Amino acid sequence: MDSWLKILVLVACITPAVVEARVRNYSFNVVMKNKTRLCSSKPIVTVNGKFPGPTLYAREDDNVLVRVTNHVKYNVTIHWHGVRQLRTGWADGPAYITQCPIQTGQSYVYNFTITGQRGTLLWHAHILWLRATLHGAIVILPKRGVPYPFPKPHKEVVVVLGEWWKSDTEAVINQAIKSGLAPNVSDAHTINGHPGPSSNCPSQGGFTLPVESGKKYMLRIINAALNEELFFKIAGHQLTIVEVDATYVKPFKTNTIVIAPGQTTNALISTDQSSGKYMVAASPFMDSPIAVDNMTATATLHYSGTLAATSTTLTKTPPQNATAVANNFINSLRSLNSKRYPAKVPLTVDHSLLFTVGLGVNPCPSCKAGNGSRVVASMNNVTFVMPSTALLQAHFFNISGVFTSDFPGNPRTTFNYTGSPPSNLRTTSGTKVFRLHYNSTVQLVLQDTGIIAPENHPIHLHGFNFFTVGKGLGNYNPKVDQKNFNLVDPVERNTIGVPSGGWVAIRFRADNPGVWFMHCHLEIHTTWGLKMAFLVDNGKGPNESLPPPPNDLPKC
């Protein structure tokens, strides 16, 4: 064979490997940066000086390496929210669950592979309240040559929703812990880091989304707020929902989405209106008598050729307690369940669990503002106590005294969960996990309680996706409610809202060995103890077992 032909054959053989970028390297430097919002400035914790932080791009099957270096006074961890982390629990990121935090001046390389996922997720700090400003998007593209199961958009835009405090958020939560009462709410909501003009600061600009007429755009919408579920809508435009939490859904049209902290939604928008400027709005959803930041964040959808002085077409945001609007969106979500993207719902159940989620009140002699009491939160009446050694290390190295594996699979005391609260509002405390055999199937009913107040709790499970097979109001009744479960095309998610005064049922397969955090994604409830962990044992052989930790795993 001629030498030039050999070269051509060689190039042809290696080209696919060159085209397919298999390793994505990122450097995240955690630094303080002064930012001005609401006409006042303050230093905030950022990645690479950006708020929101940089977007992490990868394709399905890519290996992702992120070197995180901590240059601030706080201990830091980063969680890759919704990434399955199959056998890479050491890279999951929740402080004192899978790792000790990265201390000032130290670095850690998060090393994981994107397996069987495509869509939008987010990354955020998973320690203290640092995720208020330490967050960003994860965009997972399909494998090369694999199309979207919907019309390809002209352009894709990341839209990160968040909150802004004029005060230092660490001071806000520290004051709340000291008092035993709820913390102050945020001063504004944000769209891509900007609140938009407000009565307190009319001169401040907002995020502008430039569009061309007659095109289709995809918005990758993320709720990175600490404590608030949000409505999102665009004046004069319908949204076609095609994906949530990096799983495709049957497309449906709506003018309003509801999105809880930690959730993501991909929406197509057709720029079919006459040229002009259209208001984009993010406003709070809270259907309980609980204080929220009632500020609406605004941005502008700006058609090309529209003069800057053109008045903006406004939209009316839903009432804060618009439960029907929220339910209309949530109940429309269904898995795509196609041949390429099947919904693999577990049809048999090895563990049938019921966890109550809600608040309580415990004694606190030093809490003068709380009259000697403090508000706490719990699952199955257990207020989780954070350990000082990471649970995953304690499990892997068999370190005793860090946790116990006796988390209750059902409430130890039954009562009318959504009716009048019991006379005793106290909770127990402990660092407890629930143990699962590898590949066992779990049905978990999450039941809200009316103790203090019924409230919607967005619950996030690390390390797994789950199927939402049912939900309802009042107390879960297994004899009646289970007959109505959707086991065909239920939506697949990593974060689900437990409705105020109601319940939600999820199913998943425990096919990921390690220790996996589950908690409310309202940061105040996590701080108060509404959290627990599943310990999934190794299966058979190395492919079903947790490997040893990397050499640079941070030390406590």
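The values are calculated or read from the model by the stated rules, or taken from the named source; none is laboratory data. This one's a predicted model, so the numbers in the text were calculated from it and none came from an experiment. Note: ideal-geometry Cβ built from the backbone for every residue, glycine included; neighbour counts use all protein chains shown. The area values use the complete protein model at the heavy-atom level, side chains included, leaving out ligands, DNA and RNA. Shrake-Rupley method; radii C 1.70, N 1.55, O 1.52, S 1.80 Å.
Worth pointing out:
- With the biggest extent put first, the Cα atoms of the range 23-141 measure 44, 28, 20 Å across the principal axes.
- Relative contact order of the range 351-544, defined on C-alpha pairs under 8 angstrom at six or more residues apart (%): 27
- Of the trypsin sites (Lys or Arg not before Pro) in the range 120-152, those whose Cβ has at most 16 other Cβ within 10 Å and which sit in DSSP loop: 143, 144
- When each of the peptides 299-305, 454-460 is scored by the mean number of other C-beta atoms lying within 10 Å of its residues, the order from highest to lowest reads 454-460, 299-305.
- Under-5 Å amide H pairs with residue 263, H placed in peptide plane, nonlocal only: 223
- Whichever lysines have a C-alpha closer than 28 Å to that of residue 471, once near sequence neighbours (fewer than 8 apart) are set aside: 233, 250, 253, 339, 344, 432, 479, 483, 531
- At most 15 other Cβ within 10 Å, DSSP loop - GluC sites (Glu not before Pro), the range 161-260: 212
- Value of relative contact order over the range 155-332, rounded to a whole percent, pairs C-alpha under 8 Å and six or more apart: 25
- Across the accessible surface of the range 155-332, with the other protein chains kept in place and a 1.4 Å probe, carbon and sulfur atoms take up 51 percent.
- Extending 7 Å from the Cα toward the beta-carbon at both residue 425 and residue 482 defines two label points whose distance is 3.4 nm.
- Antiparallel beta bridges, as assigned by DSSP with both residues in the range 96-228, represent about 65 percent of the total such bridges.
- Mean ellipticity per residue at 222 nm, deg cm²/dmol - from DSSP H runs of n ≥ 4 across the chain, formula -39500 (n - 2.57): -2500 deg cm²/dmol
- What the Kirkwood sum gives for the range 428-509 is a hydrodynamic radius of 13.8 Å, with every pair of different alpha carbons counted.
- Think of a 1.4 Å ball rolled over the protein heavy atoms: the range 65-123 then has 26 Å² of accessible area per residue.
- Karplus (6.51, -1.76, 1.60) ³J(HN,Hα), θ = phi - 60°, over the range 292-306, in Hz, Gly and Pro reported as x: 9, 6, 8, 6, 9, 7, 10, 9, 10, 8, 10, 5, 4, x, 7
- Distance (nanometres) between label positions extended 7 Å along Cα→Cβ at residue 389 and residue 272: 6.1
- Of the residues 437, 198, 294, the one whose Cα sits farthest toward the positive end of the charge dipole of the chain, with +1 on the Cβ of Lys and Arg and -1 on the Cβ of Asp and Glu, is 198.
- Between the listed residues 308, 161, 328, the Cα displaced farthest toward the positive end of the dipole of the range 155-332, a dipole computed from Cβ unit charges relative to the Cα centre, is found at 308.
- Matching label, mean projected area of the Cα convex hull in nm² computed from the structure shown, candidates (1) 25.9; (2) 29.1; (3) 24.5: (2)
- In the full protein context, the range 389-532 carries 36 Å² of accessible surface per residue, based on a 1.4 Å probe and ignoring ligands, DNA and RNA.
- Magnitude of the charge dipole, the chain, Cβ model with Lys/Arg +1 and Asp/Glu -1, debye to 20: 420
- Rounded to the nearest 20 debye, dipole of the range 60-136 from Cβ charges on Lys, Arg, Asp, Glu: 200
- Label zone at residue 555, where the point sits 7 Å out along the Cα-to-Cβ direction: the range 105-146 residues whose backbone N lies under 19 Å: 105-109
- Take the Cα radius of gyration of the range 28-80 and divide it by 2.2 N^0.38 Å, N being the number of residues; the result is 1.35.
- In the context of the full set of protein chains, residues of the range 155-332 present 37 Å² of accessible surface per residue (probe radius 1.4 Å, heavy atoms only).
- Placing unit charges on the Cβ atoms only, positive for Lys and Arg and negative for Asp and Glu, gives the range 184-245 a dipole magnitude near 280 debye about its Cα centre.
- Taking all C-alpha pairs of the range 351-544, those more than 23 Å from each other amount to 44 percent.
- Hydrodynamic radius by Kirkwood, which averages 1/r over all alpha carbon pairs of the range 80-197, in angstrom: 17.2
- Theoretical gain in end-to-end length, residue 347 to residue 71 [0.36 nm per residue, Cα-Cα removed]: 94.5 nm
- Diffusion coefficient (Stokes-Einstein, Kirkwood radius over C-alpha pairs, 25 °C, 0.890 mPa s) for the range 155-332: 144 µm²/s, rounded to a whole number.
- Derived value for the range 309-449: Kirkwood hydrodynamic radius 19.7 Å. Basis is the mean of 1/r over every pair of different alpha-carbon atoms.
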